[in-house]
Structures are given as structure tokens and as C-alpha cells.
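Bear in mind that the values in this text are calculations on the coordinates, not laboratory data. Please read all numbers here as calculations on a predicted model, not as lab measurements.
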């Protein structure tokens with residue numbers, strides 16, 4: 001994953017470097033990890049996902065940890081294919 005740090009605001013659009021669509025990752029995040037993001041296709045940015053970070057630092061840290069777990073799970077699924 002890579003991103004351009006926003007200069008202002010509370011939204012980021014990280015991109016998956018492997019070229020994958022983010023819909024499956026976002027679906028996994030909400031159903032298993034109870035973490036809400038928005039897939040990039042909603043913004044015509046297929047390989048991106050929208051992350052809001054307007055909450056407190058602990059909430060953001062927890063959400064990013066869950067994002068990491070979900071990304072690890074997706075990577076394992078890709079390797080198994």
C-alpha cells in the first residue's frame with residue numbers, strides 16, 4: 001500500500017500497489033473486522049480506498065491495526081490461489 005499524505009482535511013486515499021481492486025478488502029474490513037472504509041470504485045479510483053481519520057488517536061490506531069490484519073488475510077488468500 002502507498003499513499004500521498006493529505007495536506008489538510010481528515011480523509012486519505014491509500015492505493016494497493018499490487019493493482020488489486022479494493023472492494024474485497026473493504027468488504028472483509030466491515031464484516032470481519034468491524035472497520036468501515038469505502039472502496040475506491042465509489043470515487044472512480046479502483047485500486048484505492050477511502051479512510052477517514054477524524055477520530056481520536058486510539059481509534060485511528062485500532063482501525064489501522066485492523067486494516068493491517070485484513071490486508072494480511074487478503075495476501076494469504078492471494079498466495080493460496
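Note on the chain: GNM, Cα springs under 10 Å; of 57, 70, 12, the largest mean-square fluctuation is that of 57. With helices as the sole contributors, the chain gives -13500 deg cm²/dmol at 222 nm; each DSSP H run of n ≥ 4 counts as -39500 (n - 2.57), and the sum is divided by every residue.
For region 11-80, the percent of C-alpha pairs falling in each 10 Å distance bin, counted from 0 to the bin holding the largest distance, reads 21, 55, 22, 1. As a length-normalised measure over Cα pairs under 8 Å and 6 or more apart, the relative contact order of region 11-80 settles at 35 percent.
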